[in-house]
Each structure stands twice: as C-alpha cells, then as structure tokens.
Amino acid sequence: MLKPFNRLVFLSVFILLLAIVVGCSTQDKTSIDSNQKDMSDETIVVEEAPALSNLTIQAPMGISIAAPIYKVLEDNELHSLVDEVTFLPWKNPDELRSRIVSGQAQISAVPTNVAANLYNKGMDVQLINTLVWGMLYMIGPDGDETTFEDIKGKTIHVPFRGDMPDLVFQYLLQKNNLDITKDVTIEYVATPQEVVQLLASGKAEYAILPEHTASLAVAKAKKEGQNVKKTMNLQAEWAKVTGKEPRIPQAGIIVTGELVRDYPEVIEELQNQLAQSVQFLNEQPSEAAELLAKYQDGLEAPFIEKLIPAINLQFVSAQDAREELEFFFTELSTISLDIIGGKLPDEGFYYQK
C-alpha cells in the first residue's frame, strides 16, 4: 500500500498527464474545426453573373415576327429581371447578321435558315422557338388563282436575294419543273417596300412578298388603279409538293449562348411572354391591332387586324419544332447547302431549358 506522501505524488503526476492529454486533444480539435471552417468558407464562394442591366432585342420592321415582340415591349414584364430593354428594328438580313456578329443584340427575330447558318458558322447562338409558320404570297393580276404553269415566261419581282422569300420560291419552282434560268425571269430588288412601289406603279406584274408587305402591296396598288391580289399561297404550294401540312417554320427567335448560360431565368420569362403574346394576337385581333398600330407609321388598326391571320403565328419551342425544321432545312438545301451553313445544325442549336 502506498504511503500518503507517495499517493500524493502519484495523484499529482496523474493530474498533470491528464491535463497534457486534454490540452493536446483540445488543440487538435480546435485545429480541425478551424480547417473545417476554412474548407467550408472555400466551398461557398460562388461567382455569380452580374445583374443584367440592358437587354437588346432586334426584329424586322413591320407586322410579322415583330408582332409578338411589340406585345412583350408593351407589357414591360421583363423589368423584374432586366433594368432596361432596348428594341432595334432591322431593315434587311445583312443588318440583322451584322448586329449578331458584333454582339449588338442578345435576342434576334430571324428567318430560321439564317439562324442555322449563323450557328453552323461558329456563332454562339441558340434557337429558342419558332413563331412564324409561313407568311409568303405571290401577288399577281386579279382573277383566278395563279398556277406555276401561268407564270412561264413571266417576270417575278423578289426581294432579299438569297434569303427566305427567294429560297422558298426557288424551291417551289424546282419542284414544279420550272427552270429558273429558262422558264421564268426573277427580278431581284433590295427590299419589299420597293416591290410595293413597283406593283402600285404598274411596273411589276408578279411578285413574291412576305406579310405585312403582301397585304400592303395589294392595298396600295388598288388605290393606284392596279387590279392585283394575293394569287398564290406559298404555304399551300409547299404542302402540295411535300405532302406535309400547309405551313413552313419560317422565322423564330435566337439568343446568345451567354444569355442562355448566365441568365436562364430571362430566357424562360421571355418564352412565357412570347407564348402569351402569340395567344393574345390570335385570339384578340381587334385589340392586338390597336396595340400594334402604335408601333407602325402609316398602318391603321383595321388594316392590321385583317392581316394578322396571314402571318400564321404559333408558339412552338425549338425542341418541339426540331423535326419540322430539319425537314425544312433538308429540302431548302437541295438548292444549296450554303443556305444553312453546309449541314444540318446539331442538337446544340436547339435550346432546351
């Protein structure tokens, strides 16, 4: 048995050792906790895109694919996500392309073949929807509907050489066994507005025009004493030669890849608003015409109301439209693969949320 003195020494040594062990354990725990805190701090550092201060949208002048965009601008519901929205009209496809290449516009209303061409040439863009399902018409002398047999030996005025009106018309000529170099003469002009003037002055007999200029051309020509009308619906002719529905995925909306990656909530809100806008235009044409007239010089609401059905507006997401788009691109590329940039665009072209 330990003597009282020895027991005291033993107890003192034991307490000292225990204090050292506990101290080391506490220090280690403090070090671990500190390391864990440092690691935790590192994992919560996330780089976020700065708030979007300005969103620039471009679309062609007039009443066509721009119509749903005017409603979006009017409602101004994007303000909760974007400080300022700027709208830029484009006058011709060259101006449209230039703004996309230079980064002046994040959202662009475009012919679908232009969208595919830009993507295949390396532009960082995606198609988010197709809104216009065919708005191309032939204007000709009042009377019976015009057939392709009727225009043999005739001169047809066409705007935007190498772009949508021209391409669809060339495709239909080919499918109806008409040689563009022998059977008809195509007279190219810079803009649809020039064709309107030629028809009104009697200097053009036949023309291919998109809406709204097709309806405008008929109205102006009749006012000047020229007996003309829309004598051929190119969407119906498309159905005859392809066996598909009488519609073509003519125009839609593309956005920059940066917008998709950094501001997906803006894309989704835009999609929602465009879908609602198209529904409003189709279901309430009278009210829609009053709204659209505010964005047009010289076009009155009654005229706009009558032409809205001819624009063939329908909201279809890019993914849902893909099958029809690929068929359309394949058929157009029989004229030239350059139309779509040399190949069908891959799946990266079609926006998916």
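The values are calculated or read from the model by the stated rules, or taken from the named source; none is laboratory data. Fair warning: this is a prediction, and the values are worked out from it, not measured in the lab. Glycine gets a Cβ as well: all are built from the backbone with ideal geometry, and neighbour counts include every protein chain shown. These accessible areas exclude ligands, DNA and RNA; they are computed on the full protein's heavy atoms, side chains included. Shrake-Rupley method; radii C 1.70, N 1.55, O 1.52, S 1.80 Å.
Under the combined filter of DSSP loop state and at most 10 neighbouring Cβ atoms within 10 Å, region 81-164 retains these GluC sites (Glu not before Pro): 149. Rounded if a/c is under 1.5, else prolate if a/b beats b/c, else oblate: with a ≥ b ≥ c from the C-alpha gyration tensor eigenvalues square-rooted, which is region 197-330? Judged from the Cα gyration tensor, region 197-330 comes out oblate (a/c at least 1.5, b/c at or above a/b). Can you bin region 56-108 into rounded, prolate or oblate? Criterion: square roots of the alpha carbon gyration tensor eigenvalues sorted a ≥ b ≥ c, rounded for a/c under 1.5, prolate for a/b above b/c, oblate for the rest. Oblate, since a/c reaches 1.5 and b/c is not below a/b. Taking a straight Cα-Cα cut-off under 16 Å and skipping sequence neighbours fewer than 8 places away in the same chain, the lysines within cross-link reach of residue 240 are 175. Per residue, the chain exposes an accessible area of 51 Å² to a 1.4 Å probe, with every protein chain left in place.
Mean residue ellipticity at 222 nm from the helices of the chain, using -39,500 (n - 2.57) per DSSP H segment of n ≥ 4 over the full residue count, to the nearest 500 deg cm²/dmol?
Details: 13 runs with 166 residues, N = 353.
It comes out at -15000 deg cm²/dmol, rounded to the nearest 500.
Measuring nothing but protein heavy atoms, the accessible surface of the chain at 1.4 Å probe radius is 51 percent carbon and sulfur.
For residue 294, project a label point 7 Å along Cα to C-beta. Then give me every residue of region 73-95 with its amide nitrogen under 19 Å of that point. Those under the cut-off are 73-80, 84-89.
Using a/c under 1.5 as the rounded threshold, could you call region 47-165 rounded, prolate or oblate? The axes a ≥ b ≥ c are square roots of the C-alpha gyration tensor eigenvalues, and prolate needs a/b larger than b/c, oblate otherwise.
Numbers: a/c = 3.11, a/b = 2.03, b/c = 1.53.
Because a/c hits 1.5 or more and a/b exceeds b/c, region 47-165 counts as prolate.
How high is the FRET efficiency from residue 77 to residue 262, r the C-beta distance, R0 22 Å, rounded to 0.05? Working shown, then result.
Numbers: r = 20 Å, r/R0 = 0.91.
That gives a FRET efficiency of 0.65.
Maximal additional length on extending the residue 91-residue 241 stretch stands at 50.8 nm, based on 0.36 nm per residue less the C-alpha distance. Net charge around residue 119, counting only other residues with Cβ within less than 12 Å of its Cβ (Lys, Arg = +1; Asp, Glu = -1)? Around residue 119, the charge tally is -1. Karplus-based coupling profile of region 244-250, in residue order and whole Hz: 9, 5, x, 7, 10, x, 7, with θ = phi - 60° in 6.51 cos²θ - 1.76 cosθ + 1.60 and x standing for Gly or Pro. Assuming charge only on the beta carbon of Lys and Arg (+1) and of Asp and Glu (-1), the dipole of the chain about its Cα centre is about 420 debye to the nearest 20. Under 13 Å from the Cβ of residue 340, count the other residues' Cβ atoms, weight Lys and Arg +1, Asp and Glu -1, and hand me the total. It works out to a net charge of -3. With a cut-off of 13 Å between beta carbons, the residues surrounding residue 89 carry a summed charge of 0, where Lys and Arg count +1 and Asp and Glu -1.
As an exercise, identify the trypsin sites (Lys or Arg not before Pro) in region 144-233 lying in DSSP coil whose Cβ has no more than 14 other Cβ atoms within 10 Å. Before the final figure, lay out each step's value.
Details: sites: 152, 154, 161, 175, 182, 203, 220, 222, 223, 229, 230; in loops: 152, 154, 161, 182, 203.
Here the sparse-neighbourhood loop sites are 152, 154, 161, 182, 203.
Applying 1/(1 + (r/R0)^6) with R0 = 25 Å to the Cβ-Cβ distance of residue 344 and residue 101 gives a FRET efficiency near 0.70.
For residue 56, the residues whose amide H sits under 5 Å from its own are 86, 106, 107, ignoring neighbours fewer than 5 places away on the same chain, with H placed 1.01 Å from N.
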